[in-house]
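Enquirer: Dropping the structure in here first, questions after.
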Amino acid sequence: MPPEEARKSILTKFFQYRDGVPLITYLGRRDTEKGIDLLLYALSILRRRGYEFQAAVCGPTLWGDHYGRVCQQIAEELRCPVMWRRFVPDDVRTALFSLSHCVVYPSIHREPFGMVAAEAAAHGTPAIVPDYGGVASAIEANGEVAGLRFKSWDSGDLADQIARLLDDRSLQSKLAASGPRVAEFFSIQNM
């Protein structure tokens, strides 16, 4: 999706979106096993370190919205502004993948595969995933790497990995460039 079209699409759902400010995004189910609270603590750490960014958390839930409300309360207590959305249509999802500086998928259970990480890679967006379960392998294939891993359950290490991408534009660009090749390895035809 061309950047201008992506911006317009995002602005239909996220009025607070600021062009030119790095966007850190979570896309996936908003249920307890997805570790969104770990991401919120990591974002708070980054804010205290002086980083400027914006954050979006998007996705449906299978088990009711209790965890989503708790995460919103955590973000408020941490004074960490987040753009929240439940379901987002495909064009907005594509726009988020296209404009995000990185996609974070902090799952705390042993995911069998990391579809969100592969989708981010297909859009040339680095993904940050835990070093636990199948999602840990979804960011690399055939010697190509399209993301970073953090120590599972460790918000401090997650903050460090996000900071690496915010600080090192050449690393972010290198991972982004490798993304489509990594995603191709996980294509329906290959799988």
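Enquirer: Collect the residues in segment 119-132 that are open to solvent by 10 Å² or more (accessible area, probe 1.4 Å) and either in a strand (DSSP E or B) or farther than 17 Å from P180 by Cα (or both), keeping them in residue-number order. It would help to see each step written out before you state the result.
Expert: Looking only at segment 119-132, we keep the residues that are open to solvent by 10 Å² or more (accessible area, probe 1.4 Å), and these are 119, 122-124, 131-132.
Within segment 119-132, D131, Y132 meet the criteria.
Enquirer: So, one more: Look through segment 1-16, keep the residues that are surrounded by 20 or more Cβ atoms within 10 Å (Cβ to Cβ) and of a type in the set (A, V, I, L, M), and return whichever of them is nearest to F87 (Cα to Cα).
Expert: Kept after step one, since they are surrounded by 20 or more Cβ atoms within 10 Å (Cβ to Cβ), are these residues of segment 1-16: 6, 9-10, 14.
Retained after the next criterion (residues that are of a type in the set (A, V, I, L, M)): 6, 10.
Numbers: A6: 17, I10: 13 Å.
Ranking the qualifying residues of segment 1-16, first place goes to I10.
Enquirer: Which of the residues belonging to segment 133-157 are in a loop (DSSP other than H, G, I, E, B) and crowded, with 18+ Cβ neighbours inside 10 Å? Break it down stepwise before answering.
Expert: At the first step, the residues of segment 133-157 found to be in a loop (DSSP other than H, G, I, E, B) are 133, 138-139, 142-143, 146, 151-154.
Once the filter is applied, which keeps residues that are in a loop (DSSP other than H, G, I, E, B) and crowded, with 18+ Cβ neighbours inside 10 Å, segment 133-157 yields G133, A138, I139, A146, S152.
Enquirer: Are any residues in segment 158-179 among the polar types (S, T, N, Q) and buried (at least 20 other Cβ atoms within 10 Å of the Cβ), and if so, which ones? Talk me through it step by step, then tell me what you get.
Expert: Step one: list which residues in segment 158-179 are among the polar types (S, T, N, Q), which gives 161, 170, 172-173, 178.
Result: Q161, S178.
Enquirer: With the requirement that a residue be of a type in the set (D, E) and open to solvent by 20 Å² or more (accessible area, probe 1.4 Å), what does segment 22-34 give you? So that I can check it myself, show each step before the final result.
Expert: Step one: of segment 22-34, the residues of a type in the set (D, E) are 31, 33.
Matches in segment 22-34: E33 only.
Enquirer: If you scan segment 158-191, which residues turn out to be assigned to a helix (DSSP H, G or I) and among the acidic types (D, E)? Let's see the steps before the verdict.
Expert: Residues of segment 158-191 that are assigned to a helix (DSSP H, G or I), as a first pass: 158-167, 169-185.
D160, D167, E184, listed by residue number.
Enquirer: Select, from D19, D91, the only residue that is assigned to a loop (DSSP other than H, G, I, E, B), of a type outside the set (A, V, I, L, M) and surrounded by fewer than 20 Cβ atoms within 10 Å (Cβ to Cβ). Step through it out loud before you land on a result.
Expert: Numbers: D91 fails: assigned to a loop (DSSP other than H, G, I, E, B).
Sole residue among the options that is assigned to a loop (DSSP other than H, G, I, E, B), of a type outside the set (A, V, I, L, M) and surrounded by fewer than 20 Cβ atoms within 10 Å (Cβ to Cβ): D19.
The values are calculated or read from the model by the stated rules, or taken from the named source; none is laboratory data. Being a predicted model, the structure only gives us computed values, none of them experimental. When we count neighbours, we look across all protein chains shown, and the Cβ atoms used for this are built from the backbone with ideal geometry, even at glycine. Surface areas here come from the heavy atoms of the whole protein model, side chains and all, with no ligands, DNA or RNA. Shrake-Rupley method; radii C 1.70, N 1.55, O 1.52, S 1.80 Å.
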